[in-house]
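Engineer: Sharing a structure with you now.
The values are calculated or read from the model by the stated rules, or taken from the named source; none is laboratory data. On a predicted model such as this, the values are computed, not experimentally measured, just so you know. Here the Cβ positions follow ideal geometry from the backbone for every residue, glycine too, while neighbour counts run over all protein chains shown. Heavy atoms of the whole protein, side chains included, go into the accessibility calculation; ligands, DNA and RNA do not. Shrake-Rupley method; radii C 1.70, N 1.55, O 1.52, S 1.80 Å.
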Amino acid sequence: MLVGIHQLHYLPWLRYFEKIARSDVFVVLDSIQYNKNGWQNRNRIKGPQGAVLLTVPVRVGYQQRLDEVRINKASPWRRKHWRGIVQCYGKAPFFDRYAPMLEETYAQSWESLNGLNRHMLHLFVDALGIDTSIVYASDLDAPGEATERLVQLVQTVGGTQYYSGAFALEAYLDAKVLASAQIELVLQEWRAPVYPQRYGAFIPDLSILDLLMNCGPDALSIILGA
């Protein structure tokens with residue numbers, strides 16, 4: 001059984017959903033350390049002038065865990081993000097199909113970054129038609145650090161294979177630890193597909209919003225190269 005593992009992201013990109021769709025079980029790391037320079041609270045959409053960065057303002061302390069991060073409610077970010085989405089995709093082919101669920105999401109007053117990202121994860125998984133089982137690391141008894149914890153998570157959900165991005169081998173993943181636990185390492189060999197976009201030259205690695213708004217029900221097959 002193939003297991004994918006990744007942290008929660010805001011408006012995740014296509015590679016994220018390819019990992020979910022290919023996996024039998026996807027484990028969400030929802031209590032790891034927050035990375036202020038990462039993509040846990042931001043991502044890009046596409047407008048007439050190119051890529052547009054949408055960032056959720058947060059209140060964080062030193063070495064704070066992701067499940068402790070609170071959204072800065074003093075900022076009018078929800079109105080700005082929704083307005084930006086409407087401006088960028090209001091005339092996209094499938095805007096009317098996905099606008100209601102997004103407008104409802106941005107109408108809610110979110111307290112925590114995890115709460116927002118968890119809601120969006122399931123929103124997009126459903127929109128794409130992915131049926132992978134999704135579990136949260138905080139609900140599992142899987143102690144340890146780095147690769148040792150990945151082994152614990154894979155074993156806890158009954159996995160025999162770990163689906164990983166290739167960059168992880170350079171950053172933190174110890175393939176020998178996986179091998180000693182008899183877990184097969186499967187590397188994600190995936191290239192961002194080219195699909196119809198508005199506003200000129202194609203830009204890869206945008207939020208899943210861009211693909212959904214432009215390609216609608218064909219989005220998952222485009223992600224999987226089917």
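Engineer: Could you sort ASP126, ASP210 by their accessible area in this structure, using a 1.4 Å probe and putting the largest first? Spell out each step's value before the answer.
Structural biologist: Numbers: ASP126 120, ASP210 0 Å².
Sorted descending by solvent-accessible area, the residues read ASP126, ASP210.
Engineer: Residues with amide H under 5 Å of SER112's amide H, sequence separation 5 or more or different chain, H placed in the peptide plane at 1.01 Å from N; which?
Structural biologist: The answer is ILE71.
Engineer: Are there chymotrypsin sites (Phe, Trp or Tyr not before Pro) in the stretch 1-73 that DSSP puts in a loop and that have at most 13 other Cβ atoms within 10 Å, and which ones?
Structural biologist: TYR62
Engineer: Let me ask something else about it. At 222 nm, what value in deg cm²/dmol follows for the chain if DSSP H runs of at least 4 each add -39500 (n - 2.57) and the sum is divided by all its residues, to the nearest 500?
Structural biologist: Working: 9 runs with 86 residues, N = 226.
Rounded to the nearest 500, it is -11000 deg cm²/dmol.
Engineer: Let me ask something else about it. Roughly how far apart, in whole Å, are the Cα centres of the stretch 115-172 and the stretch 55-102?
Structural biologist: When both Cα centres are located, 23 Å separates them.
Engineer: Here's something else I'd like to know. Cut-off under 24 Å on the C-alpha distance; same-chain residues fewer than 8 positions from LYS19 excluded. Which lysines are left, in chain and number order?
Structural biologist: Partners within reach: LYS36, LYS46, LYS176.
Engineer: Percent antiparallel among DSSP beta bridges with both residues in the chain, to the nearest 5?
Structural biologist: Numbers: 11 of 28 bridges.
Antiparallel bridges: around 40 percent, rounded to the nearest 5.
Engineer: Normalising by the residue count of the chain, find the relative contact order in percent from Cα pairs under 8 Å and 6+ residues apart. Mind showing how you got there, number by number?
Structural biologist: Details: 362 pairs, mean separation 67.1, N = 226.
It rounds to 30 percent for the chain.
Engineer: Identify the chymotrypsin sites (Phe, Trp or Tyr not before Pro) of the stretch 69-176 meeting these criteria: DSSP loop state and at most 13 other C-beta atoms within 10 Å of the C-beta.
Structural biologist: Values: sites: TRP77, TRP82, TYR89, PHE94, PHE95, TYR98, TYR106, TRP110, PHE124, TYR136, TYR162, TYR163, PHE167, TYR172; in loops: PHE94, TRP110, PHE167, TYR172.
Filter output for the stretch 69-176: PHE167, TYR172.
Engineer: In the chain, which longest range has no trypsin sites (Lys or Arg not before Pro) that are both DSSP loop (not H, G, I, E or B) and surrounded by at most 15 other Cβ atoms within 10 Å? Kindly include the intermediate steps, with their values, before the conclusion.
Structural biologist: Numbers: sites that count: LYS36, LYS73, LYS91, ARG191, ARG198.
That gives 92-190 as the longest site-free run.
Engineer: Which one, ILE183, ILE85, ILE208, has the greatest fluctuation when you compute a Gaussian network model over the chain with C-alpha springs under 10 angstrom?
Structural biologist: Taking springs between Cα atoms under 10 Å, the residue moving most is ILE183.
Engineer: Quick one: which residues, 5 or more positions from LYS46 or on another chain, have an amide H under 5 Å from its amide H? H modelled 1.01 Å from N in the peptide plane, none for Pro or chain starts.
Structural biologist: VAL52
Engineer: Another question about this same structure. Name the residues whose placed amide hydrogens come within less than 5 Å of the amide hydrogen of ARG65, ignoring near sequence neighbours (fewer than 5 apart) on the same chain.
Structural biologist: TYR34
Engineer: Which GluC sites (Glu not before Pro) in the stretch 163-226 sit in a loop by DSSP (not H, G, I, E or B) and have at most 14 other Cβ atoms within 10 Å of their own Cβ?
Structural biologist: Details: sites: GLU170, GLU184, GLU189; in loops: GLU189.
Qualifying residues, ordered by number: GLU189.
Engineer: Over the stretch 1-78, what is the relative contact order in percent, taking alpha-carbon pairs closer than 8 angstrom and at least six residues apart?
Structural biologist: Values: 105 pairs, mean separation 21.1, N = 78.
Taking the mean separation of contacting Cα pairs over the length of the stretch 1-78, I get 27 percent.
Engineer: Work out how much length ASP126 to ARG70 would gain on full extension: take 0.36 nm times their residue separation and subtract the Cα-Cα distance, in nm to one decimal. Could you put the intermediate results ahead of the total?
Structural biologist: Numbers: separation 56, 0.36 × 56 = 20.16 nm, distance 2.57 nm.
Additional length available on full extension: 17.6 nm.
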